[in-house]
Amino acid sequence: MEVRPFNDISYERFLNEDKLMGSRCRKCGSLSVPPRSICTKCYQSEMEWVAIKGKGKLVAFTSIAIGPPFMIREGYDRKRPYVSGVIELEEGVKVVARIEGVDASKPETIRIGTPLQMEFLHRGEGADATTFLAFRPA
Ligand SMILES: [Zn+2]
């Protein structure tokens, strides 16, 4: 496999390939998602890529009615909110991502602890292509 630096650009490239990748410190084993070039625990810089399996559970969420411009362009607004959540992965780290397949207009129906499976939302084309990480109930 080609060597990619442990940074956001590599992280985004992997997302475009439907892969969620983190960095693991070879010294202490600490895992970071998104990847970091320096370990946040022991400050060493010997990292390796780790493929995240994509299973986790919902530990926190918020229903957002007024999102950033790219979410407004997707048609989300006060009448059609979306959910952003914190997912604790099986690997033990937490990531923030969109939560699909839940009713954002009825946040009281969304349960903390719900098992989730990741998916990749591809938007735009060519140079504008981006991939958003999302999770939905498994
Ligand atoms: Zn470390």
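The values are calculated or read from the model by the stated rules, or taken from the named source; none is laboratory data. What you are looking at is a predicted structure, and each value in this text was computed from that prediction instead of being measured. Cβ coordinates were reconstructed from backbone atoms using ideal geometry, including for glycine residues, and neighbour counts include every protein chain displayed. The accessibility values were calculated without ligands, DNA or RNA, using every heavy atom of the protein model including side chains. Shrake-Rupley method; radii C 1.70, N 1.55, O 1.52, S 1.80 Å.
Return the Cα extents of the stretch 55-134 along principal axes one, two and three, sorted largest first, each rounded to a whole Å.
Taking the Cα atoms of the stretch 55-134, the three principal extents are 34, 29, 16 Å.
Want the number for residue 127 to residue 19: 0.36 nm per residue separation, take away the alpha-carbon distance, what's left?
The residue 127-residue 19 span can extend by a further 37.0 nm.
Farthest toward the dipole's positive end in the chain, which of 54, 72, 130, given Cβ charges of +1 (Lys, Arg) and -1 (Asp, Glu) about the Cα centre?
Value: 54.
Roughly how many percent of the accessible protein surface of the stretch 1-104 is carbon and sulfur, given a 1.4 Å probe and a whole-percent answer?
51 percent
I'm a student and want to see the number: the projected area of the Cα convex hull of the chain, averaged over all directions, in nm².
9.1 nm²
Skipping prolines and chain starts, which residues have an amide H placed within reach, meaning under 5 Å, of the one on residue 20, given they are 5 or more residues away or on another chain?
Residues meeting the amide H criterion: 52.
Looking only at the stretch 8-27, which residues have a backbone nitrogen under 18 Å from a spot 7 Å from the Cα of residue 42 in the C-beta direction?
23-27
For the stretch 1-127, what is the accessible area per residue in Å² when the probe is 1.4 Å?
60 Å²
Placing +1 at every Lys and Arg Cβ and -1 at every Asp and Glu Cβ, with all other atoms neutral, what dipole size does the chain have around its Cα centre, in debye to the nearest 20?
400 debye
For the peptides 79-89, 128-138, what is the packing order when you average, over each peptide's residues, the other Cβ atoms within 10 Å and list the highest mean first?
Values: 79-89: 18.3, 128-138: 15.7.
Most protected by this proxy first, the peptides run 79-89, 128-138.
How much accessible area does residue 4 have with a 1.4 Å probe, in Å² rounded to the nearest 10?
So the heavy atoms of residue 4 present about 20 Å² to solvent.
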